[in-house]
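Asks: Have a look at this one.
The values are calculated or read from the model by the stated rules, or taken from the named source; none is laboratory data. Bear in mind the structure is a predicted one, so any value in this text is a computation, not a measurement. Here the Cβ positions follow ideal geometry from the backbone for every residue, glycine too, while neighbour counts run over all protein chains shown.
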Amino acid sequence: MTTPPPTRRLRRWLAALTGAALVAGALMAAPAATAVQPAVVPANPGFGSNVTIFSPETPVADIKAQMDALAAAQRDAEMSTARHSVYFLPGTYGSAAEPLQFEVGYYTEVAGLGASPADVVIHGAVEVYNRCLTPDNCLALVNFWRTISNLTIEVDKAGQDGCRSSANFWAVSQAVSMRRVEVRGGNLSLMDYCTAGPQYASGGFIADSKLSYTVSGSQQQWLTRNSDVSAGWSNGVWNQVFSGVTGAPSEAAFPDPPYTTVDQTPASREKPYLYVDGAGKYQVRVPGYAQNTSGISWGAGETAGRSIPIKDFFVAKPGDSALRINAALALGKHLIFTPGVYDISSTILVWRPNTVVLGLGHATLTAKNGATPLAVVDVPGVVLAGVTIDAGEKLSPVLLKVGLTKSLNLSSKASTSNPITLSDVYFRVGGPHIGKTTTALEVNADNVLIDHTWVWRGDHGVEGFTNGVNGDTDRWKTNTGTNGAIINGDNVTATGLFVEHFQKYNLLWKGENGRVILYQNELPYDPPTQADWTQPDGTLGYPGYVVDQKVKNHRLDGAGVYVFNQNNPSIITANGFSVPDKPGVKLHHIMTVNLSAGTIQHVVNGTGGQADNTNTGQPRFIVDYPAP
């Protein structure tokens, strides 16, 4: 059925958001499809030079040589513009005689192109190691922005001596996802214990995966969702959260060990994925929405959902304008961003129900001229996945707006069973360049599902504001992000919500019936003075997690707020969490911790012990708030 055009009222709002020329060109008088893009060839979509596709016929030595070269190029490329996807067609790669072992670097996606994870088997190892800043300072704290999905790893460490032979290492931190992966035949380690110390890691996210025995080790926080860890799970530092996970450890002894277990995930939709069908044609599988689930989606056959042929997508390349992309969306196309960095000077608007927007290889939209790079109208079924959104040097009011305004509510009952979904959508304010935004993520629509996001105001980068008191003071004034995420919509669920370093509200939740499973926050490192980190009413600092006082119902399971005021260690924050004292507002397994500088006086609402430099690294835990 053809979707009707937006109403006049909506068009007026869109004109204010995106500019009259965009609306006129993209919504009211879109050019013919052939003017937007030549027809996509189903068996050869033309994803561009940043996408590598291997077949089982490719010699293992050739694959390894290419992957080693890519890993070397991306190993220290934290702030680069390079983006890559590596895909494996169905089949087996490597053998006992010649295992395929490789590393995954920054901005690299590795995925199988089968309909099931069992269709692509890597006999060997797919790994991430510590990043050694000096020979005696090795850690995974900045191992960001990489992805693995839709394949099986048959662990074989033959040829790797000593410690390296003990596990498949996946030592990662934020903005890294493992989805639809089976690991078998050897241990999986989420830290790299084979290098010099301190070996810290601060991840991370796994979904829809079946794992071998897993060592969490030094991981500060982690969410495992709708997976199978029956083979065993060990260790963990602070919040280790399991939601809908078969074989999950008990939470009964929290905080020692620091496990939080939610038996069923209240709302979920697995991330869309590319695959090649039996006729050799590319399609995108879009899993369906589900409620109250546990375990993997593919254990009994194909993941429930729908498949969209690749010909129904506009395959964007870096250099494509927002106008051209909007014209394709207006014609009813779905959207794929191939790997690269896209300069976006006017809003890309998603307004048709059930539109899929899929980024490959950490495709990055960078705001230009103060634009809001991406906005979604409040319509059912839109899926955004695999896209990173960067602030630009001119202030953007918002980087991603989901639902245009709370008052302009276009949602229907359909959205309760087919919600707008964000999967692996990341935000960055600063880092590779100066960034400025008022709010990174604003959610106005109801019934939205956020499945793994990292909303980050950069605490380090190449923009010249990295270390030392003067540099940090300059960053506070130059690399600006007022709010991380503001949730105005009702019935919003977030599984894996990471928000860090914003200058006022990292998270402000104003909608009713919010549900969050795993929240992680670091307060900003760089307030120059207490006056810069004090609310207008005199309250010291801004809590890392704030639920508006008008909210009647809200639930949070597993959360931490960390303080590291390296610029001025005398800074005080009164509370890590602030919520209404109402029967329907419940927090389960929350904590604050001092990482080495600064003070959080209480965990929540004046309750809980103080985290300061007398107890560095020792969390202040609260099992339940309010206490039962």
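Asks: Condition first: aliphatic (A, V, I, L, M) and more than 30 Å from residue 281 (Cβ to Cβ). Can you find one or more residues in the stretch 102-118 that meet it?
Replies: no
Asks: Name the residue, out of 374, 349, 329, that is within 22 Å of residue 82 (Cα to Cα), crowded, with 22+ Cβ neighbours inside 10 Å and touching a Leu at 6+ places or on another chain (Cβ under 9 Å).
Replies: Step by step, each of 374, 349, 329 is checked, and only 374 is within 22 Å of residue 82 (Cα to Cα), crowded, with 22+ Cβ neighbours inside 10 Å and touching a Leu at 6+ places or on another chain (Cβ under 9 Å).
Asks: Cβ-Cβ under 6 Å, sequence separation 6+ or interchain: first residue in the stretch 201-217 and closer than 9 Å to residue 233 by Cα and of a type in the set (Gly, Ala, Ser), partner outside any strand (DSSP E or B) and modelled with pLDDT under 95. Which pairs?
Replies: These pairs meet every condition: 216/236.
Asks: Please list, ordered by residue number, the strands (runs of 3 or more DSSP E) wholly in the stretch 373-446 having 3 or more residues that are modelled with pLDDT of 95 or more and more than 24 Å from residue 284 (Cβ to Cβ).
Replies: 396-402, 436-443
Asks: Which residue is nearest to residue 341 (Cα to Cα), if the candidates are limited to the stretch 69-89 and must be surrounded by 19 or more Cβ atoms within 10 Å (Cβ to Cβ) and not polar (S, T, N, Q)? I'd like the intermediate steps shown before the answer.
Replies: Let us first name the residues in the stretch 69-89 that are surrounded by 19 or more Cβ atoms within 10 Å (Cβ to Cβ), namely 70, 74, 78, 83-89.
Still in the running and not polar (S, T, N, Q): 70, 78, 83-84, 86-89.
Working: 70: 18, 78: 14, 83: 8, 84: 11, 86: 17, 87: 20, 88: 23, 89: 26 Å.
The selected residue is 83.
Asks: Then there is this: Residues that are aliphatic (A, V, I, L, M): find the strands (runs of 3 or more DSSP E) completely inside the stretch 84-143 holding 1 or more of those. I'd like the intermediate steps shown before the answer.
Replies: Numbers: elements: 84-88, 91-93, 100-103, 108-112, 120-127, 131-134, 137-139.
Those strands (runs of 3 or more DSSP E) span 84-88, 100-103, 108-112, 120-127, 131-134, 137-139.
Asks: Please work out if residue 152 is in a strand (DSSP E or B) and within 21 Å of residue 431 (Cα to Cα).
Replies: Answer is no for this residue.
Asks: Looking at the stretch 517-535 only, could you name the residues that are crowded, with 18+ Cβ neighbours inside 10 Å and outside any loop (DSSP other than H, G, I, E, B)?
Replies: Result: 517, 518, 519, 520, 521, 522, 533, 534.
Asks: Scan the stretch 144-172 for residues that are out of contact with any strand residue (DSSP E or B) (no Cβ under 6 Å at 6 or more places or on another chain) and either of a type in the set (A, V, I, L, M, F, W, C) or surrounded by 24 or more Cβ atoms within 10 Å (Cβ to Cβ) (or both) and jot them down.
Replies: 144, 158, 163
Asks: Oh, and also: If you check residue 196 against the conditions, is it at pLDDT 95 or above, within 30 Å of residue 308 (Cβ to Cβ) and not charged (D, E, K, R)?
Replies: No; evaluated as a whole, the condition is false for this residue.
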